[in-house]
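The values are calculated or read from the model by the stated rules, or taken from the named source; none is laboratory data. What you see is a predicted model, and the numbers here were worked out from it, not measured in a lab. Cβ placement follows ideal geometry from the backbone for every residue including glycine, while neighbour counts extend to all protein chains displayed.
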Amino acid sequence: MSRLTRVKDTLPGPKSRALLDEWHNYEANCVGYQAPLVWDYAEGCLVTDVDGNRYLDWTSGVLVTNVGHCHPRLVEAIRRQAGRLLNNYDFPTPERVALAKRMVETTPPNLDRVFLLSTGSEATEAAIRVAKRYTGNFEIIAFSGGFHGRTYAAASAGGLPGPKKGYGPIMPGVIHVPYPYCYRCPLGKSCDACAMECFDVMETIVKAASTGSLAGVIVEPYQGAAGFIFPPDGYLKRLETWAREHDMVLIVDEVQSSYGRTGKMYAAEWEGLRPHLMAIGKGIGSGIPISALMSEAEVIGVLGPGEMSSTAGGNPVSCAAALAVLEIFEQENLVENAARMGALMKARLLEIQEKCPYLGDVRGRGLVMGLEIVRDKRTKEPAPDLTRQVIDRAAQNGLLVGSVGIFGSVIRVAPPLVITAEEAHESLDIMEHVLTNLAA
Ligand SMILES: Cc1ncc(COP(=O)(O)O)c(C=O)c1O
């Protein structure tokens, strides 16, 4: 049987090695660990490096290229627009108007305004500000392990130390509460005996910490950077009800979970959530930087003209790209494909878990799954060294993966949503080979 992947070198190949050496002399060394290779070009789910090695991709960049790498219709839309207009700042363009309408039409019905930006951090930062302006309060409830970006308010709301380390006190008013990390439940519960006691703990913390100035709660539908951690069914709906009872703005951070990733257009749909604000990004441009804050008109209406805008918000190339992405989603039923391929992949990953002593947990839905690597399934001791081994060996065998997690011990399974059954099986064969041959 012919294979899609081909790795002829011991990585890095000669051209990659030369470029990596040069790169380390010039670019700041503050980005995350990647397998040693230099990307050249990519198409669909396949990435080719500068040495001609070809890999299947479980990264989608970082959950960005949802319609597949360099989808021809996306590339054509970008080319066409780039030849006509490159910046217009706050002026409208036909593409901007069309995109705003389409985006409002696709989000939960209460979200009837869009504010266009460039990065996910900008969108969550804006959401926090809007929540404060709208309520006149300043306290933000946020979750430990959360990641909302690297700007000041976004990083302050985040519950991981990396984006805050060494920058002095975080934004005042953030109250961090625990997120339900069921594989490592701090209350020692098992899923069948869970009555969401962690929700009661969360409420108790807020009661003890709040000075009575609650503005909003910001939450990821699943925690991405913390390790693809999914809350139990019903948790987010309960959070929504609780937020509304306390007159708080509910901000759902769908920067990485939106546009089909979980097998629904928005992860909020799984529980029929009606957030006041929703931040989206990454996949909405599928490679071109664009993000957005979706809002109820009344909530964002608290901002007057000139009170918020961004140099590249509504950029014509980004808008043309985002419009093309929405069209591709419809034409190719990508949400449905994500659900179908996700189910296929999860079933096989659960089988692989039985054979691999280090694969502690397989979790997720659609095409976003986490593989938690542990030293021992009983003690659940995290194994970041083995996780790095998985990244390197997977690449050597033709599969690109990245890692996340509070302990750096979770492999990301997040291929482009165009993945076919053939590509899924070949990539799973590679992962099975790697996981069942780990050297502890
Ligand atoms: C949930 C979530 N929010 C916000 C961000 C920040 O997005 P950006 O890196 O585009 O600023 C990310 C990025 O990984 C994210 O996963």
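For every residue, the table says whether it meets (1) closer than 24 Å to Val410 by Cα; (2) touching a Leu at 6+ places or on another chain (Cβ under 9 Å); (3) of a type in the set (Val, Ile, Thr).
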{"position": "Val47", "(1), (2), (3)": "yes, yes, yes"}
{"position": "Gly61", "(1), (2), (3)": "yes, no, no"}
{"position": "Val75", "(1), (2), (3)": "no, no, yes"}
{"position": "Arg80", "(1), (2), (3)": "no, no, no"}
{"position": "Asn88", "(1), (2), (3)": "no, no, no"}
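Pairs are defined by a Cβ separation below 9 Å, a sequence spacing of at least 6 or placement on different chains, a first member in the range 132-157 that is closer than 15 Å to Ile251 by Cβ, and a second member that is within 12 Å of the ligand (Cβ to nearest atom) and of a type in the set (Lys, Arg); no pair meets this definition. Taking the range 1-94 and the strands (runs of 3 or more DSSP E) fully enclosed by it, the elements with 3 or more residues that are out of contact with any Phe, Trp or Tyr (no Cβ under 9 Å at 6 or more places or on another chain) are at 39-43, 54-57. Residues that are more than 12 Å from the ligand (Cβ to nearest atom) and under 24 Å from Cys319 (Cα atoms) do not occur anywhere in the range 231-242. Might you let me know whether the range 347-368 holds any residue that is within 16 Å of Val114 (Cα to Cα) and within 16 Å of the ligand (Cβ to nearest atom)? Looking for residues that are within 16 Å of Val114 (Cα to Cα) and within 16 Å of the ligand (Cβ to nearest atom), one finds none in the range 347-368, hence no.
Annotation: of all residues in the range 59-75 being in contact (Cβ under 8 Å) with a residue 40 or more places away in the chain and more than 16 Å from the ligand (Cβ to nearest atom), the one that is surrounded by the most Cβ atoms within 10 Å (Cβ to Cβ) is Val67.
The residue of the range 32-52 that is surrounded by the most Cβ atoms within 10 Å (Cβ to Cβ), among those that are at pLDDT below 95 and within 21 Å of Ser286 (Cβ to Cβ), is Gln34. For Ala226, the requirement of being of a type in the set (Gly, Ala, Ser), within 12 Å of the ligand (Cβ to nearest atom), surrounded by 17 or more Cβ atoms within 10 Å (Cβ to Cβ) and not in a helix (DSSP H, G or I) is met. Selection of first residues in the range 90-111 that are farther than 27 Å from Ala268 by Cα and of second residues that are surrounded by 18 or more Cβ atoms within 10 Å (Cβ to Cβ), restricted to Cβ pairs under 6 Å at least 6 apart or on distinct chains, gives the following pairs, ordered by first then second residue: Thr93/Pro316.
Name the single residue, out of those in the range 251-272 being surrounded by fewer than 24 Cβ atoms within 10 Å (Cβ to Cβ) and farther than 15 Å from Asn333 by Cα, that is farthest from the ligand (Cβ to nearest atom). Looking at residues that are surrounded by fewer than 24 Cβ atoms within 10 Å (Cβ to Cβ) and farther than 15 Å from Asn333 by Cα, I get Gly272.
Test Glu332 against the stated conditions and say whether it is acidic (Asp, Glu) and farther than 17 Å from Ala421 by Cα. Taking the combined requirement at face value, the residue does not satisfy it.
Taken as a whole, the condition of being crowded, with 17+ Cβ neighbours inside 10 Å, closer than 13 Å to Leu367 by Cα and not β-branched (Val, Ile, Thr) does not apply to Pro382. Residue check: Val362 meets all listed conditions (1) touching a Leu at 6+ places or on another chain (Cβ under 9 Å); (2) outside the structural domain of Gly224 (by TED's automatic domain parsing); (3) in contact (Cβ under 8 Å) with a residue 60 or more places away in the chain; (4) not polar (S, T, N, Q) but one, namely (3). In the range 197-205 there is at least one residue that is assigned by TED's automatic domain parsing to the domain that holds Phe138, under 24 Å from Arg129 (Cα atoms) and of a type in the set (Val, Ile, Thr).
For the range 237-249, the criterion of being over 25 Å from Asn137 (Cβ atoms), at pLDDT 95 or above and out of contact with any Phe, Trp or Tyr (no Cβ under 6 Å at 6 or more places or on another chain) is met by none of the residues.
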